[in-house]
Amino acid sequence: IQRNIPPELGRLTHLIDFDVQMNNLTGTLPETLFNLSDLWGLGFMTNQLTGHLRKDVGRFLPNLQQLYMGENNFDALSRLLFLMLQVL
């Protein structure tokens with residue numbers, strides 16, 4: 001994948017792992033990503049993504065066990081959330 005993460009991703013309601021590390025992705029995370037309540041692994045390190053991770057990510061992704069989002073251009077709040085999730 002290159003460019004943006006397509007919003008159609010949110011239609012894959014039984015997806016449990018989504019890993020697109022090192023794919024030159026740009027843009028922001030689509031809101032539809034938070035429709036994937038079965039998701040337990042999410043990785044998008046080493047891309048050019050911007051924006052932020054929703055503050056209520058735990059409410060919409062209750063099964064999320066792994067989150068890899070470093071080496072992007074996310075705002076400071078997302079970096080802080082990432083650090084907090086590592087501690088948990």
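Between Phe60 and Glu31, the contour length at 0.36 nm per residue exceeds the Cα-Cα span by 9.4 nm. Approximating the spin labels as points 7 Å out from Cα along Cα→Cβ, the Glu8-to-Gln21 distance works out to 2.7 nm.
Considering all C-alpha pairs of segment 7-86, those separated by over 17 Å amount to 41%.
Rule-based calculations on the coordinates, nothing more; no lab input. Owing to the predicted nature of the structure, the values given are computational and were not obtained by experimental measurement. All Cβ positions, even for glycine, are placed from backbone atoms using ideal geometry, and neighbour counts span all protein chains on display.
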